[in-house]
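Below is one structure, written out as structure tokens; the observations come after it.
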């Protein structure tokens, strides 16, 4: 078990991004407030999704949702293991136009 730190959260967030999307994170701002972790990040969109986005919008939206669900599941598991905490809620949204994401992790 490690104490929760911004540096460890940033490293974990970037590792998962590289594992799932094969791209890193350009910028991150992390705040830890009581039992909540807020992560604001900017990262490049996967080139394959970008290439399909105009002609296959519905498919890309479905893939975005599936990838986000996978990301949240992995992040929850790794945060719980690394910091020995129970995550009660995890919210994440990504805006493909601005390439910004917001993640909120609530824990006991």
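The values are calculated or read from the model by the stated rules, or taken from the named source; none is laboratory data. Remember, predicted model here, so these are calculated numbers, not experimental data. Reconstructed Cβ throughout: ideal geometry from the backbone, glycine too, with neighbour counts over all protein chains shown.
When you go through (1) in a loop (DSSP other than H, G, I, E, B); (2) surrounded by 15 or more Cβ atoms within 10 Å (Cβ to Cβ) one by one for residue 17, which number turns out not to apply?
Single failed check for residue 17: (1).
Could you figure out which of (1) exposed (fewer than 14 other Cβ atoms within 10 Å of the Cβ); (2) farther than 15 Å from residue 99 by Cβ; (3) at pLDDT 95 or above isn't true of residue 76?
Every listed condition holds for residue 76 apart from (1).
Checking the conditions here, which among 70, 36 is loosely packed, with under 15 Cβ neighbours inside 10 Å, in contact with a helix residue (DSSP H, G or I) (Cβ under 8 Å, 6 or more places away or on another chain) and farther than 15 Å from residue 7 by Cα?
70
Go through the range 46-67 and count every residue that is loosely packed, with under 13 Cβ neighbours inside 10 Å and not in a helix (DSSP H, G or I).
Residues that pass the stated criteria total 2.
Please go through the range 16-33 and pick out each residue that is within 19 Å of residue 84 (Cα to Cα) and either at pLDDT below 95 or within 10 Å of the chain's Cα centre (by Cα) (or both).
The one that is within 19 Å of residue 84 (Cα to Cα) and either at pLDDT below 95 or within 10 Å of the chain's Cα centre (by Cα) (or both): 16.
Condition (residue is more than 16 Å from the chain's Cα centre (by Cα) and either surrounded by 13 or more Cβ atoms within 10 Å (Cβ to Cβ) or modelled with pLDDT of 90 or more (or both)) applied to the range 89-106: is it met by at least one residue? Spell out the reasoning first.
Kept after step one, since they are more than 16 Å from the chain's Cα centre (by Cα), are these residues of the range 89-106: 97.
Subsequent filtering for residues that are either surrounded by 13 or more Cβ atoms within 10 Å (Cβ to Cβ) or modelled with pLDDT of 90 or more (or both) retains none.
No, because not a single residue in the range 89-106 is more than 16 Å from the chain's Cα centre (by Cα) and either surrounded by 13 or more Cβ atoms within 10 Å (Cβ to Cβ) or modelled with pLDDT of 90 or more (or both).
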